[in-house]
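Notes follow once the structure below has been shown.
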């Protein structure tokens, strides 16, 4: 018998409002490694295997956590909303970015993914009653422009729009929808419960895709490829959402979403460390502008 009410984690109001952006930032730090590690993983592993397989590993972990904590099943009325989270962040974003990063460098991908904070804010406004003021939108637009300039200066480049960019843009749209709906669900179910149930719901489909992708050729990679895949599964697909959805639940979601402007800065930093990309003074200045814009958006008034 399903419970009539969700019995989730602690209330989002149990923590002070300042905890929202801080928890969001923790999630962003985890997510900032996603593009570089995806780029490493798809060098030797099939993109379909990387995108679906990481969800399978995370789904098994989620099922274990739900069983160990004896978390009550969500009401049937919430299942369609959980499926939107599945489409957005469990299936859509991982599969599309894995395919795109076979075509474009991780730094270039950060240009397109830099649109995600603004896209998430729009999704939240359409889905909720939050109404950010002019100052918020100005800071968000300035932050978006600064992200594009930052990644272009760092060597990601803008270049011509190709198939990889189209896949990344589609991934951004789906992720924005998954973030907005997941943040709302976290207020009812709890943050870790939301991502765990979404992963469990997606497990049969993602397992089928993983098996199909591996049927033609046995997955084979070096230690770097498997370590990258492991990070994507355990952190990017699972633990990172514990903090991210909790931060969004505390909200306001439009403000917390702008913390993700910092992600492109961190991604380029990791690309410099992992791939030896050059970082000069102009990049440092652009990064500082991005951080200022993110702070202004987070502090802006939201009705």
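The values are calculated or read from the model by the stated rules, or taken from the named source; none is laboratory data. Remember, predicted model here, so these are calculated numbers, not experimental data. So basically every Cβ, Gly included, is an ideal-geometry build from the backbone, and we count neighbours across all protein chains shown.
Of all residues in the range 130-164, exactly one satisfies the criterion of being surrounded by 15 or more Cβ atoms within 10 Å (Cβ to Cβ), assigned to a loop (DSSP other than H, G, I, E, B) and modelled with pLDDT of 70 or more, namely 130. State whether one or more residues within the range 181-200 are part of a helix (DSSP H, G or I), modelled with pLDDT of 95 or more, out of contact with any helix residue (DSSP H, G or I) (no Cβ under 8 Å at 6 or more places or on another chain) and surrounded by fewer than 23 Cβ atoms within 10 Å (Cβ to Cβ). Checked the range 181-200: no residue is part of a helix (DSSP H, G or I), modelled with pLDDT of 95 or more, out of contact with any helix residue (DSSP H, G or I) (no Cβ under 8 Å at 6 or more places or on another chain) and surrounded by fewer than 23 Cβ atoms within 10 Å (Cβ to Cβ).
Applying the selection to the range 222-233, what residues are surrounded by fewer than 19 Cβ atoms within 10 Å (Cβ to Cβ) and either part of a helix (DSSP H, G or I) or touching a strand residue (DSSP E or B) at 6+ places or on another chain (Cβ under 7 Å) (or both)? Answer for the range 222-233, where residues must be surrounded by fewer than 19 Cβ atoms within 10 Å (Cβ to Cβ) and either part of a helix (DSSP H, G or I) or touching a strand residue (DSSP E or B) at 6+ places or on another chain (Cβ under 7 Å) (or both): 223, 224, 226, 227, 230. The sole residue among 55, 71 that is touching a helix residue (DSSP H, G or I) at 6+ places or on another chain (Cβ under 7 Å), buried (at least 17 other Cβ atoms within 10 Å of the Cβ) and assigned to a loop (DSSP other than H, G, I, E, B) is 71.
Among the residues making up the range 74-88, those that are touching a residue at least 60 places away in the same chain (Cβ under 8 Å), closer than 14 Å to residue 185 by Cα and assigned to a helix (DSSP H, G or I) are 76, 78, 79, 81, 82, 83, 84, 85, 86, 88. What about residue 100, is it in contact with a helix residue (DSSP H, G or I) (Cβ under 9 Å, 6 or more places away or on another chain), surrounded by 17 or more Cβ atoms within 10 Å (Cβ to Cβ), farther than 23 Å from residue 209 by Cβ and touching a residue at least 12 places away in the same chain (Cβ under 8 Å)? So residue 100 does not fit the description; no. Do we have any residue at all in the range 250-265 that's within 19 Å of residue 86 (Cβ to Cβ), assigned to a helix (DSSP H, G or I) and at pLDDT 90 or above? The answer is no; no qualifying residue exists. Every test in (1) within 21 Å of residue 188 (Cβ to Cβ); (2) free of Cβ contacts under 8 Å to residues at least 40 places away in the same chain is passed by residue 20 save one, and that test is (2). Within the set 219, 204, the sole residue that is in contact with a helix residue (DSSP H, G or I) (Cβ under 6 Å, 6 or more places away or on another chain), surrounded by fewer than 18 Cβ atoms within 10 Å (Cβ to Cβ) and more than 23 Å from residue 148 (Cβ to Cβ) turns out to be 219. Against the test of being surrounded by 23 or more Cβ atoms within 10 Å (Cβ to Cβ) and under 29 Å from residue 292 (Cβ atoms), the options 116, 126 yield a single qualifying residue, 116. Report yes if residue 121 is modelled with pLDDT of 80 or more, touching a strand residue (DSSP E or B) at 6+ places or on another chain (Cβ under 9 Å) and in a helix (DSSP H, G or I), otherwise no. When the stated conditions are applied, residue 121 passes them.
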